[in-house]
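Asks: One structure, as structure tokens, below. Some questions next.
The values are calculated or read from the model by the stated rules, or taken from the named source; none is laboratory data. Worth saying up front: this structure is predicted, and the values here are computed from it rather than measured. Here the Cβ positions follow ideal geometry from the backbone for every residue, glycine too, while neighbour counts run over all protein chains shown.
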Amino acid sequence: MSENTLSKDAVVVERTFDAPAGVIWQLWTQPELFKTWYGPEGFSVPVAEMDVRVGGRHLFCMERQTPNGSMKMWSTGEYLEVIPNKRLVYTDSMADENGNVVSPTAYGMNDDYPATTEVTVVFEEQDGRTRMVMTHAGLPNGGQGAGSGWEQAFAKMAAQVETLTKGK
């Protein structure tokens, strides 16, 4: 089940997984698991560096193969709130491969796209299932496709949850 809501400056996606909150938490916080689902269809994640603690930083790279080679999009940010299996909040900014923040226009975003956005993920476990609500705030004009990108990523996450919980 998925619900995608667009507001003026945020994308909110709600999804329920047939797995405990600890499994979903690991998918968000363990680099090797994060790489398996993050990003829209057609993108891989060759780099996911994560220091998941308040004040810790992350550096992600999404890559897509194109007829002219590969296209890489880097992002960085800081973890603002870390409550294991309950809540994760981090900032997100376009970056270069060294984690230096760059203008979103460097990646083809409109001039009104902010330098920093914020992602909040809330996990609620009930009867072995987890309701996850992800809010990506600070996105102008309904996120310029961010909603569909998150939906595609969470479809990949659901497949990974199934793989991780098979036989349990």
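Asks: Consider S70 against the criteria (1) modelled with pLDDT of 95 or more; (2) in contact with a Lys or Arg (Cβ under 9 Å, 6 or more places away or on another chain); (3) not in a loop (DSSP other than H, G, I, E, B): it satisfies all of them except one. Which criterion is unmet?
Replies: (1)
Asks: Give just the number: which of (1) closer than 23 Å to T76 by Cβ; (2) modelled with pLDDT of 85 or more does T165 not satisfy?
Replies: (1)
Asks: Does Y79 satisfy the criteria of being outside any strand (DSSP E or B) and surrounded by 16 or more Cβ atoms within 10 Å (Cβ to Cβ)?
Replies: no
Asks: Something else about it: So, of the residues in region 57-70 that are of a type outside the set (K, R) and surrounded by 14 or more Cβ atoms within 10 Å (Cβ to Cβ), which turns out to be farthest from Y107 (Cα to Cα)?
Replies: H58
To keep it simple, each residue is scored yes or no on (1) in contact with a helix residue (DSSP H, G or I) (Cβ under 7 Å, 6 or more places away or on another chain); (2) of a type in the set (S, T, N, Q); (3) farther than 16 Å from L27 by Cα; (4) surrounded by 14 or more Cβ atoms within 10 Å (Cβ to Cβ).
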residue: W74; (1), (2), (3), (4): no, no, yes, yes
residue: L88; (1), (2), (3), (4): yes, no, no, yes
residue: D96; (1), (2), (3), (4): no, no, yes, no
residue: N100; (1), (2), (3), (4): no, yes, yes, no
residue: P104; (1), (2), (3), (4): no, no, yes, yes
residue: N110; (1), (2), (3), (4): no, yes, yes, no
residue: V119; (1), (2), (3), (4): no, no, no, yes
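Asks: Could you list, in sequence order, all residues of region 96-106 that are in a helix (DSSP H, G or I) and more than 19 Å from A137 (Cα to Cα)?
Replies: Result: A106, single match.
Asks: For region 33-48, enumerate the residues that are surrounded by 14 or more Cβ atoms within 10 Å (Cβ to Cβ) and outside any loop (DSSP other than H, G, I, E, B).
Replies: The answer is L33, F34, S44, V45, V47, A48.
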